[in-house]
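S.K.: First, the structure itself, so that you have it in front of you.
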Amino acid sequence: MDNETITIMKKPRCGVKDYPQLFTLYDAKWRKNKLGWKFVYGNQQDKSIAEKCFAEWARHTNMIFFMDEWKPDIVISYGSVKHQNFYRCKNSSACPFNLDGPGGVLGHAFFPGSSNNCIEIHLDNTENWFKEVGTFPPQNYHSLYYTLLHEIGHSLGIEHTGVNTAVMYPSLNDNRKSVELDQDDINAIQSLYGLPPVKKEMNETTTKKSVTRTTQSSETMQTTTVKRTATLNKPAPNLCEVNFKFHKLLILNKHFYVFFDDWVWVIPLKKQTIPTALQISSFIPLPTISFKNDGFMYQKPNGDIFFIYENNYYIVDPDSFALKGRYFLTYLGLPSNIKVNGGVNTYTGRSYIFFQ
């Protein structure tokens, strides 16, 4: 093992198992878009951090989270090595997964169940928790915000990712200052629960109107003034209603990618449901490539994505979709100005390119 791998192995981490690839989705998800949460025995600072974490996930998808002291869907608590399920969401008083004391595993969470009963998040109470947001924790302290943001991702149905800049990466990066989700995290949550509601935008000659929205929690009535802004976003198409030819197809890391127009569907191969389409421009940072035009892509035996477009071929990182290189097709010994009809990887160490 190299030094980088050893360093990562020594970092504090989540107790949920890993999948070394792009974001992975669990087999089940919540069948409702309003979820209540409770931080058992949490103080006001704990609850404030939890509220910020849920708000960051809600900002990127069609979900609403609210504090519910009486019948929560997601229960958060601190625990020691052997600890309890406070609400017995798993029909057992004892949690089957132990924590391990200071360092190592910082916490764990349960995934949504098919029955959509409540689930729990357990945080190790022997850790030195840093309870400020947006600043680096002192040495030997760990960020409660980032740890809880990560575990909430599991409670919504997202497994670990191989993208090391993402919140759902298994090891905690205490040097992370940004309070926002990574694009890989956003793609995951939107694949499960869709895009956030479209906001309406007033034209320049119209006076903006404030709309008062009243929300009820278990303790108090809160009134919030919200300004409606934007409606120019094009709605995501329904895959089953597309009557035209798809532009690209790709199987990568146990997911089936379907490209059409400005959209891509990322479909887990082990699931029978079709997630909401994502905008290609926000999912794949390759502005020089048009996915609408002729071109072919496949995954090479070494894992890289090989994309042929016009008289060039592109090597793309399979985890981040970052461009690793652009080359002329003549570098492969092919004649110039050919028309490529397709390409395929046989998974036996050879790739074939068909042209005329």
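S.K.: Using Cα-Cα distances under 8 Å and only pairs 6 or more residues apart, what relative contact order does region 54-114 have, in percent?
M.R.: On the way: 36 pairs, mean separation 12.4, N = 61.
Worked out over region 54-114, it gives 20 percent.
S.K.: For a footprinting-style exposure proxy, rank 338, 74 by other Cβ within 10 Å, fewest first.
M.R.: Working: 338 13, 74 27.
In order of increasing Cβ crowding within 10 Å: 338, 74.
S.K.: For region 294-336, what is Rg from Cα atoms divided by 2.2 N^0.38 Å, rounded to two decimals? Don't skip to the answer; put the middle values down first.
M.R.: Numbers: Rg = 10.3 Å, N = 43, 2.2 N^0.38 = 9.2 Å.
My calculation over the Cα atoms of region 294-336 gives 1.12.
S.K.: Order of 161, 276 from fewest to most other C-beta atoms within 10 Å?
M.R.: On the way: 161 27, 276 19.
Starting with the residue having the fewest Cβ neighbours, the order is 276, 161.
S.K.: Right, another one. In sequence order, what are the phi-derived ³J(HN,Hα) couplings for region 268-275 according to the Karplus relation 6.51 cos²θ - 1.76 cosθ + 1.60 with θ = phi - 60°, rounded to whole Hz, with x for glycine and proline?
M.R.: These are the phi-based 3J(HN,Hα) values: x, 5, 8, 10, 10, 10, 9, x Hz.
S.K.: Let me know the whole percent of all Cα-Cα pairs from region 95-157 that are separated by more than 20 Å. Each step should come with its number before you reach the end.
M.R.: On the way: 624 of 1953 pairs.
Everything past 20 Å amounts to 32 percent.
S.K.: Also, I was wondering about something else. Is there a pair in 52/271; 34/270; 82/271; 47/82 whose C-alpha atoms are over 29 Å apart, and which pairs would that be? Don't jump to the answer; show the numbers that get you there.
M.R.: Numbers: 52/271 31 Å; 34/270 26 Å; 82/271 34 Å; 47/82 24 Å.
Violating the 29 Å Cα-Cα cut-off are 52/271; 82/271.
S.K.: Treating only the Cβ of Lys, Arg, Asp and Glu as charged (+1, +1, -1, -1), what charge dipole size does region 43-114 show about its Cα centre? Round to the nearest 20 debye. Intermediate results must be reported in sequence, preceding the final value.
M.R.: Details: 7 positive and 7 negative charges, 32 e Å.
Once rounded to the nearest 20, the dipole reads 160 debye.
Throughout, read-outs are computed from the coordinates displayed, never taken from laboratory work. Since we're looking at a predicted model, the values are computed, not measured. Cβ sites come from the backbone with ideal geometry, for glycine too, and all protein chains shown count toward neighbours.
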